[in-house]
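To start, the structure itself, in structure tokens.
The values are calculated or read from the model by the stated rules, or taken from the named source; none is laboratory data. Since we're looking at a predicted model, the values are computed, not measured. Cβ coordinates were reconstructed from backbone atoms using ideal geometry, including for glycine residues, and neighbour counts include every protein chain displayed. Just so you know, the surface numbers come from the protein's heavy atoms only, side chains and all, with ligands and any DNA or RNA stripped out. Shrake-Rupley method; radii C 1.70, N 1.55, O 1.52, S 1.80 Å.
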Amino acid sequence: MSPATLGTAKSKLLAVQHEIIGMVPADVVVSVFENDTSSLMPCRGEQKKWVGTGQVGLRPGLDRTTFLDEVRDSLSGQTGWSATDGTDNDGNRRVDLLHDDGTQLLVSFWDDPESLQIGSFSACFDFPEYQYGEKY
């Protein structure tokens, strides 16, 4: 397996984030936001990781438990992925998705406004030329 680059790490993360967003039934979607640029976070040594955010504004009616179960089961059935149930800072259920390469997505719901939240972190990649604050 070749080492990740900014481009491959970001593409993989966004593909999984799109897959999860695509699982939301269209009739409850009010809005969709995904960042396409982000600052990088430190990883190991000169390595960095790209940070993503996905947000789907929702109308009432989505069964959160069933949706999170579907996300967990769908991703954990794919090669290299594991999924565990966790909790967010407010004690609400969150599904934590982790790939063998270090790609991580945290999927949960917020109440105000009602929305699906996806916090994501790419696999680590070499990027020694990064200047703090630059966005990619």
Among VAL29, GLN104, LEU40, whose Cα sits farthest toward the positive end of the charge dipole of the chain (+1 at Cβ of Lys/Arg, -1 at Cβ of Asp/Glu, about the Cα centre)?
LEU40
Measure nothing but the geometry: give the 0 to 90° angle between the long axis through the Cα atoms of 64-76 and the longest principal axis through the Cα atoms of the chain, rounded to 10°.
40
Could you check the spin-label model distance between ASP126 and MET41? Points 7 Å from the Cα along Cα→Cβ, value in nm.
2.3
Report relative contact order for the chain in percent, whole number only (criteria: Cα-Cα under 8 Å, sequence separation at least 6).
31
Cα long-axis angle, helix 6-22 against the chain (0 to 90 degrees, to the nearest 10):
0
Point-charge dipole on Cβ atoms (K/R +1, D/E -1) for the stretch 89-136, about Cα centre, debye to 20:
80
Using a 7 Å offset from the Cα along the Cα-to-Cβ direction at both VAL29 and SER74, what is the distance between the two label points in nm, to one decimal?
1.1
Using a 7 Å offset from the Cα along the Cα-to-Cβ direction at both HIS18 and THR84, what is the distance between the two label points in nm, to one decimal?
3.0
If you place +1 on the Cβ of every Lys and Arg, -1 on the Cβ of every Asp and Glu, and leave all else neutral, what size is the dipole of the chain about its Cα centre, to the nearest 20 Debye?
280
Give me the accessible area per residue for the chain, probe 1.4 Å, as a whole number in Å².
54
Can you tell me the dipole magnitude for the stretch 1-63 around its Cα centre, using point charges on the Cβ only (Lys, Arg +1; Asp, Glu -1), in Debye to the nearest 20?
320
Mean residue ellipticity (222 nm) of the chain, computed from DSSP H runs ≥ 4 via -39,500 (n - 2.57), nearest 500:
-7000 deg cm²/dmol
Sorted by accessible surface (1.4 Å probe, heavy atoms of the protein chains only), largest first, THR103, THR87 come out as THR87, THR103
For the chain, the charge dipole (Cβ of Lys, Arg +1; Cβ of Asp, Glu -1; about the Cα centre) points to a positive end, and the Cα of LEU62, SER76, ALA4 closest to that extreme belongs to ALA4
Given a 10 angstrom Cα cut-off, can you work out which residue in GLN78, GLN104, GLN117 is the most mobile in a GNM of the chain?
GLN78
Nearest-0.05 FRET efficiency for ASP111 and ASP63, computed from C-beta distance (R0 22 Å)
0.90
